[in-house]
Amino acid sequence: MNLVVSELANGVTKVSLEGRLDVDGALKIDSEFNKIAEENKNVLVDLANVTFIASLGIRTLITGAKATANNGGKLVLLNPQSNVEKVLRTSHIDTVLPIISDATDLEAVFGV
């Protein structure tokens, strides 16, 4: 699992993930991901290159979402592959974390 951080407009931090967000992948990025979520108000997580997600990966995303909420912000999931999106929607993560397919209007997504 690889994690790349970049800053977007209006103070949004983009975290691009690549690989399998399984037990090993989640454990590899968990500490860094949570630090990013704790230190930033609005986080956009690009899942376009995540090929698999397991329950520990979902836990990583939920923990990050709680950290951004504590900062008065939010965590949004961007463009998951169809198999990953199916897992997220089946487990009802989409009721807690917004899932979007296009990040062109960050103001509408984050309200910034």
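The values are calculated or read from the model by the stated rules, or taken from the named source; none is laboratory data. All values derive from a computational prediction rather than experimental measurement. Heads up, the Cβs are rebuilt from the backbone with ideal geometry, glycines too, and the neighbour counts pull from every protein chain shown. Accessible surface is based on the protein model in full, side chains and every heavy atom, while ligands, DNA and RNA are left aside. Shrake-Rupley method; radii C 1.70, N 1.55, O 1.52, S 1.80 Å.
Which condition from (1) surrounded by fewer than 18 Cβ atoms within 10 Å (Cβ to Cβ); (2) β-branched (Val, Ile, Thr); (3) touching a strand residue (DSSP E or B) at 6+ places or on another chain (Cβ under 9 Å); (4) at pLDDT below 95 is the one that residue 93 breaks? Unmet for residue 93, out of (1) surrounded by fewer than 18 Cβ atoms within 10 Å (Cβ to Cβ); (2) β-branched (Val, Ile, Thr); (3) touching a strand residue (DSSP E or B) at 6+ places or on another chain (Cβ under 9 Å); (4) at pLDDT below 95: (1).
From the list 3, 61, 8, 44, the lone residue that is touching a residue at least 60 places away in the same chain (Cβ under 8 Å) and either of a type in the set (D, E, K, R) or surrounded by 16 or more Cβ atoms within 10 Å (Cβ to Cβ) (or both) is 44. When residue 38 is tested against (1) within 15 Å of residue 98 (Cα to Cα); (2) without any contact (Cβ under 8 Å) to a residue 40 or more places away in the chain, just one condition goes unmet, and that condition is (1).
Of all residues in the stretch 64-93, those that are of a type in the set (Ser, Thr, Tyr) have Cβ atoms under 6 Å from Cβ atoms of residues that are open to solvent by less than 20 Å² (accessible area, probe 1.4 Å) and in a helix (DSSP H, G or I), 6 or more apart or on another chain, in 68/37. Do the conditions hold for residue 12, that is, is it at pLDDT below 95 and over 19 Å from residue 82 (Cβ atoms)? Considered against the rule, which asks whether it is at pLDDT below 95 and over 19 Å from residue 82 (Cβ atoms), residue 12 comes out as yes. Looking at the stretch 1-38, which of its residues are over 16 Å from residue 51 (Cα atoms) and of a type in the set (Asp, Glu)? Correct list: 7, 30, 32, 38.
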